[in-house]
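Structure, as structure tokens:
Just so you know, all these numbers are worked out from the coordinates, no wet-lab data involved. Here the structure is a predicted model, which is why all the values come from computation and not from measurement. Using ideal geometry, Cβ is built from the backbone for each residue, glycine included, and neighbour counts are taken over all protein chains shown.
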């Protein structure tokens, strides 16, 4: 067992805190997000956008998917997306299997947890409260909290600052996209990629995440440096 483990109760733990992306990691929102995008593009431009391109933008601020258009069109696309999202948010989101159990297990172990996402605070909180997840998270960093976003490390570093953690080696970031894994790498932080991602697994593998998760309930074994 490596020397960087610390004692928490009677269990040696590899990390003090776990931070999570939200869309595609905690919440199964990707189908809804794609629907909102395509509805907006059809309404404003009269055509559907390439789905692979849209998937590649998930995890970045919403406006990134509209950046190839002139300002007036970007504004219309953004408004159309938000209108569709408001219609679907309450009925089209689910939580991935094993997520509540995994969060509860880590909480019972004394592991501090937080969310670092590029989505708006209002919509992130809506889903957290809908599925009664808010109490698991000590910190929530959203699009409004930083001027720069993933893959820039600032959102992760801000989360650490708010939690009073200075040693980046004691924090693990869990995500479903290359933007999450690059953000962790740019912060000097270990990362875990989730197998339930909608993103191409080969693209995530190329980023060389520290761990792969088949389910969130694998995390206690990783933190305790135990066999999965």
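Would you mind telling me the antiparallel percentage of the DSSP bridges in the chain, rounded to 5?
Expressed as a percentage, antiparallel bridges in the chain total about 20.
Restricting to Cα pairs below 8 Å that are 6+ residues apart, what does the relative contact order work out to for the stretch 92-228? Please round to a whole percent.
22 percent.
Distances longer than 19 Å among the Cα atoms of the stretch 72-173: what percent of all pairs is that?
Counting pairs separated by more than 19 Å, the tail of P(r) holds 54 percent.
Would you compute, from DSSP H runs of 4+ residues alone, the mean residue ellipticity of the chain at 222 nm, taking -39500 (n - 2.57) per run and dividing by the full residue count, rounded to the nearest 500?
Computed mean residue ellipticity for the chain: -12000 deg cm²/dmol.
Where in the stretch 156-189 does the label zone of residue 210 land, with the point 7 angstrom along Cα→C-beta and an amide N cut-off under 11 Å?
Counting only backbone N, you get 168-174, 184-185, 188-189.
Helix 30-45 against the longest principal axis of the chain: what's the angle in degrees, Cα atoms only, rounded to the nearest 10?
20 degrees
Could you give the spread of the C-alpha atoms of the stretch 111-224 along their three principal axes, from largest to smallest, in whole angstroms?
Over the stretch 111-224, Cα extents along the principal axes are 32, 29, 28 Å.
Top mean-square fluctuation among 91, 197, 117, Gaussian network model of the chain, C-alpha springs under 10 Å?
91
If I take every Cα pair under 8 Å that is 6 or more residues apart in the stretch 142-221, average their sequence separation and divide by the length, what percent do I get for the relative contact order?
Averaging sequence separation for qualifying contacts and normalising by length gives 25 percent for the stretch 142-221.
Would you mind checking the tilt of helix 121-130 against the longest principal axis of the Cα atoms of the chain, expressed as 0 to 90 degrees and rounded to 10?
70 degrees
With a Förster radius of 30 Å, plug the Cβ-Cβ distance of residue 225 and residue 202 into 1/(1 + (r/R0)^6) and report the FRET value to the nearest 0.05.
Working from the Cβ atoms, E equals 0.60.
Convert 37 °C to kelvin, take the viscosity as 0.692 mPa s, use the Kirkwood radius over C-alpha pairs of the stretch 39-130 as Rh, and evaluate the Stokes-Einstein diffusion coefficient in µm²/s, rounded to a whole number.
Reported coefficient: 212 µm²/s.
For the chain, with a Gaussian network of springs between Cα atoms less than 10 Å apart, report the residue from 167, 23, 190 with the top mean-square fluctuation.
Among 167, 23, 190, the largest GNM mean-square fluctuation belongs to 167.
For the residue pair residue 148 and residue 67, what label-to-label distance in nm results when each label sits 7 Å from Cα along the Cα-to-beta-carbon direction?
1.3 nm
Helix 99-108 against the longest principal axis of the chain: what's the angle in degrees, Cα atoms only, rounded to the nearest 10?
30 degrees
For q = 0.15, 0.18 Å⁻¹, what log10 I(q)/I(0) does the chain give under the Debye formula with an equal point scatterer on each alpha carbon and no solvent?
The Debye formula, applied to the Cα set alone, gives -0.97, -1.37.
Give the distance, in whole Å, between the Cα centre of the stretch 45-115 and the Cα centre of the stretch 157-203.
A separation of 17 Å, based on Cα centres.
Taking 8 Å as the Cα distance limit and 6 or more residues as the minimum spacing, I'd like the relative contact order of the stretch 30-88 as a percentage.
The value is 45 percent.
Taking every pair of Cα atoms in the stretch 30-88, average 1/r, invert it to obtain the Kirkwood radius, and report Rg/Rh to two decimals.
0.91
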